[in-house]
1. Filter the range 162-173 down to residues that are of a type outside the set (Phe, Trp, Tyr) and assigned to a loop (DSSP other than H, G, I, E, B) and give me whichever is surrounded by the fewest Cβ atoms within 10 Å (Cβ to Cβ).
2. Counting just the residues of the range 137-186 that are under 24 Å from the mean Cα position of the chain (by Cα) and among the hydroxyl-bearing types (Ser, Thr, Tyr), which one comes out modelled with the lowest pLDDT?
3. Search the range 99-117 for residues that are more than 14 Å from Leu71 (Cα to Cα) and pair each with any residue that is assigned to a helix (DSSP H, G or I) and of a type in the set (Ser, Thr, Tyr) when their beta-carbon atoms are under 9 Å apart and the residues are at least 6 apart or on different chains.
4. When the range 179-198 is examined, which residues are found to be farther than 30 Å from Arg27 by Cα, in a helix (DSSP H, G or I) and open to solvent by 70 Å² or more (accessible area, probe 1.4 Å)?
5. I'd like the residue in the range 50-79 that is of a type in the set (Val, Ile, Thr) and over 29 Å from Met35 (Cα atoms) and, out of all such residues, is nearest to the chain's Cα centre (by Cα).
6. For the range 52-161, which fully contained helices (runs of 4 or more DSSP H) count at least 3 residues that are open to solvent by 70 Å² or more (accessible area, probe 1.4 Å)?
7. Evaluate the following for Val176: is it over 16 Å from Leu101 (Cβ atoms), open to solvent by less than 90 Å² (accessible area, probe 1.4 Å) and assigned to a loop (DSSP other than H, G, I, E, B)?
8. May I ask you to list the residues in the range 32-49 that are assigned to a helix (DSSP H, G or I), open to solvent by 50 Å² or more (accessible area, probe 1.4 Å) and of a type outside the set (Gly, Ala, Ser)?
Amino acid sequence: MSERVRRGRPGHDQATVLRVAIELFNRQGYDATSMGDLARELGLTKSAIYHHVPGKEHLLERALDEALGELTAALDAVQADTTATPAQRLRAAVRSSVVVLAEHLPAVTLLLRVRGNTPAEKNALARRRDIDHRLAEMVREAAAAGEIRTDVDPLLASRLLFGTVNSMTEWLRGDVDVDHLADTVATLAFDGLLRRGE
């Protein structure tokens, strides 16, 4: 029995269309990017692009879901580790966030640029707020356990920690040792720059 042949032109499967769409959304802005722009970028006619996807908002939803899905899964895994202390879980959350950002940089960059202008963006912002609250709760738990300083507001600490991670979308480019980057960010966040006395 022969394998079913996937419809569509070679090199233009849905994953390719999504990658190119994310690149265009990041470069031009979502609102300024048309389906015609995407078709031209892929070397397709405008009508042919609809063979692959139903519309622009669908692509935005899929891109944002990639970023949010990966971030949520990473946070779920960290919080499920009952053998770790609250501070260890918080450190692991920072480290995991760096890994997700580095491995899904275009999608996370797009996520951080949404402003709530469409239903997909509003949904993404609500999911981001949920992640922010979960991270702030992890800071509170570590403070309550006496493992981190208690004189800094947990929500502010969480925003500063993960704001540092998110800022990497502005400068991270090319191949990078993701594990080394994640370890470095976690070390700076929790141990600081000053050398400890002997």
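1. Pass one, the range 162-173, residues of a type outside the set (Phe, Trp, Tyr): 163-170, 172-173.
Filter again for assigned to a loop (DSSP other than H, G, I, E, B), leaving 172-173.
On the way: Leu172: 15, Arg173: 8.
Filtering the range 162-173 for residues that are of a type outside the set (Phe, Trp, Tyr) and assigned to a loop (DSSP other than H, G, I, E, B), the one surrounded by the fewest Cβ atoms within 10 Å (Cβ to Cβ) comes out as Arg173.
2. Here the answer is Ser158.
3. Matching pairs, first to second residue: Arg113/Thr169.
4. Quick first cut of the range 179-198, residues farther than 30 Å from Arg27 by Cα only: 187-198.
Going one step further and asking which of them are in a helix (DSSP H, G or I), we end up with 187-191.
Passing the criteria: only Leu188.
5. Narrowing the range 50-79 to residues of a type in the set (Val, Ile, Thr): 53, 72, 78.
Checking which are over 29 Å from Met35 (Cα atoms) leaves us with 72, 78.
Values: Thr72: 9, Val78: 16 Å.
Among them, the one singled out is Thr72.
6. Values: elements: 56-79, 86-103, 105-113, 119-144.
Per the criteria, 56-79, 86-103, 119-144.
7. Details: over 16 Å from Leu101 (Cβ atoms): no; open to solvent by less than 90 Å² (accessible area, probe 1.4 Å): yes; assigned to a loop (DSSP other than H, G, I, E, B): yes.
Taking the combined requirement at face value, the residue does not satisfy it.
8. Of the range 32-49, the ones assigned to a helix (DSSP H, G or I) are 35-42, 46-49.
Now drop any that are not open to solvent by 50 Å² or more (accessible area, probe 1.4 Å), which leaves 40-41, 46-47.
Listed by number, the residues that qualify are Arg40, Glu41, Lys46.
The values are calculated or read from the model by the stated rules, or taken from the named source; none is laboratory data. Here the structure is a predicted model, which is why all the values come from computation and not from measurement. Positions of Cβ are backbone-derived with ideal geometry, glycine not excepted, and every protein chain shown enters the neighbour counts. To get the accessible areas, we keep the full protein, side chains included, count just its heavy atoms, and leave off ligands, DNA and RNA. Shrake-Rupley method; radii C 1.70, N 1.55, O 1.52, S 1.80 Å.
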